[in-house]
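Student: The following block contains the structure, expressed as structure tokens.
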Amino acid sequence: MTNTDLRGAVRGEVLLPGDDGFEQEARPWNLSVAQRVAAVVTAEDADDVAAVVRYADKAGLTVSAQPRGHGASGDTDGVILLRTGRLGGVEVRPDERIARVGAGVAWGEALAATGPHGLTGLAGSSPVVSVTGYTLGGGLSWFGRRHGFAADSVRSFDVVHADGERATVTAASDPDLFWALRGGGGDFALVTAIEFELYPAPALYGGRLLWPGHRTAEVFEAFRELTAGAPDELSIWFNRAQFPQAPPMVALDVAFLGEEDEGRALLTRLDKIDDVIADKRGVVAVADLGTITAEPTDPAPGRSRVELLTRLDDAAARVLLDAPLEPLVGLQLRHLGGALAATRPGAGPSGPLSEPYLLSTLGLALNPGLSEAVGARQAALAEALPVSGRKPYTMLGRGERAAAAFSERDLARLREIKRARDPRGVLRANFPVVA
């Protein structure tokens, strides 16, 4: 097989090393991750996806699919990087409470379509992350405490198998593959579209509250108090921030699946904290969920790490609050629990998560020295905190392995499914289940 064969096999654009635009198209969303790929193919449709997989199968190559590359690990040496961002389309069936989206659809677009019907999907904090990539990794949502992992709301997947054949996968048609795709990543088939359940959201309340850094301890105590008794409909995330050339800040991000009056009543504790710089709480449109945290929507170089905390006692508080944040720029604590901790019949391999809090840390990776310093600080925090050692698959970082995300039994089942469905290793997820 030749590169000419690849170009002739698809309608989409094929870029090879040395071609204009190749370096740009090969970059993931995290610009500090290097992707040394053999080719970049931008699929026009599901037929293109199937053609690329057939080509790779015959040529003894590997395909890795990324809509935009938010979960890139850098484990792509010599692979064909398949961009699925053009696989668009959002269909909402409000009477059935079902949405169908193409693999390239981002959460912001999906929620803009579901919101007018008073319905929401289980979206995360960013409007530019693809629904499909997020969901294949499990998907930790604003409303996960109420409804569980996003992956467990999937009703069907349109896929391309490792031999290039297309199929629709449901719990009835292929229970093993359906289970693996609902949180086990993209190692088993290439997903071109998904259908997932929607949930009533006639009213949402939330937003960000921001204080100067000297209020950090007080805000943290309020966070601990509120999360100790929060209903499952309420999610609260604590944030420390220290941006270059700026004073330290502390913030709480909140989202409540309910009416404004009830949401305000649940959060009156926050009104007692002085010096608030901004209070953006209010009625939130479903389409605007992705604006609460004000996360960057453009690519940038960074280094992140996630840990699951088994408790948030005074000793953990001292570790998280007493030391300067630098060289990190951000530290976030998400309250988990609720449906995320429950054993759910028919669920995928993502849960349950018994840990009550998730810690996410972020630093800039503008150069190797800074990246190394950020990594060292993250490692020191993990060493000093009560972490479980487990990692949500959807938040794995560079150098981590899929084995950290699953129980031994579920990992063994995932590996068995991988060997059965892709014995020649044609497909490669960002974090393969078989190392």
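Student: Report, in deg cm²/dmol and to the nearest 500, the calculated mean residue ellipticity at 222 nm for the chain, where each DSSP H run with n ≥ 4 adds -39500 (n - 2.57) and the sum is divided by the residue count.
Tutor: Details: 12 runs with 110 residues, N = 435.
Helix-only estimate at 222 nm: -7000 deg cm²/dmol.
Student: Next question, about the same structure. Give me the Debye-computed log₁₀ of I(q)/I(0) at q = 0.05, 0.09, 0.11, 0.14 Å⁻¹ for the chain, equal point scatterers on Cα only, no solvent, two decimals.
Tutor: The Cα Debye sum returns log10 ratios of -0.17, -0.56, -0.84, -1.34.
Student: Next question, about the same structure. Ignoring the sites themselves, what is the longest stretch of the chain with no GluC sites (Glu not before Pro) in a DSSP loop and at most 12 other beta-carbon atoms within 10 Å?
Tutor: 166-435
Student: When a/c is below 1.5 the answer is rounded, else prolate if a/b is larger than b/c, else oblate, so apply that to region 90-200 with a ≥ b ≥ c taken from the square roots of the Cα gyration tensor eigenvalues.
Tutor: Cα axes put region 90-200 in the prolate bin.
Student: I've got another one for you. If one computes the Cα centroid of region 1-79 and of region 176-228, what distance in Å separates the two points?
Tutor: Result: 30 Å between the Cα centres.
Student: Between Glu96 and Thr343, what is the label-point separation in nm under the 7 Å Cα-to-beta-carbon projection?
Tutor: Result: 3.2 nm between the two label points.
Student: Express in nm, to one decimal, how much length is gained between Lys58 and Ala278 on full extension, taking 0.36 nm for each residue of separation and deducting their alpha carbon distance.
Tutor: Result for the pair: 73.4 nm of gain on full extension.
Student: Using a/c under 1.5 as the rounded threshold, could you call region 7-57 rounded, prolate or oblate? The axes a ≥ b ≥ c are square roots of the C-alpha gyration tensor eigenvalues, and prolate needs a/b larger than b/c, oblate otherwise.
Tutor: In terms of gyration-tensor shape, prolate.
Student: So what is the relative contact order of the chain, in percent, for Cα pairs below 8 Å that sit 6 or more residues apart?
Tutor: Over the chain, the number comes to 18 percent.
Student: Identify the trypsin sites (Lys or Arg not before Pro) of region 6-115 meeting these criteria: DSSP loop state and at most 14 other C-beta atoms within 10 Å of the C-beta.
Tutor: Hits after loop and neighbour filter: Arg11, Arg36.
Student: Once you put a point 7 Å from the Cα of Arg7 and another 7 Å from the Cα of Arg269, both along the Cβ direction, what distance in nm separates them?
Tutor: Going by the 7 Å Cα→Cβ label model, 6.3 nm.
Student: Something else about it: Give the shape of region 306-435 as rounded, prolate or oblate, defined through the alpha-carbon gyration tensor: a ≥ b ≥ c are the square roots of its eigenvalues, a/c under 1.5 means rounded, and otherwise the shape is prolate if a/b is larger than b/c and oblate if not.
Tutor: oblate
Student: Output the relative contact order of region 90-200, whole-number percent, from Cα pairs under 8 angstrom with separation of 6+ residues.
Tutor: Computed value for region 90-200: 31 percent relative contact order.
Student: I want to check the label-to-label distance for Glu383 and Ala420. Put each point 7 Å from Cα in the C-beta direction and report it in nm to one decimal.
Tutor: 4.3 nm
The numbers here are math on the coordinates, done by the rules we state, and not lab data. Predicted, not measured: the structure shown is a model, and the values here were computed from it. Here Cβ is always computed from backbone atoms with ideal geometry, including for glycine, and neighbour counts include all displayed protein chains.
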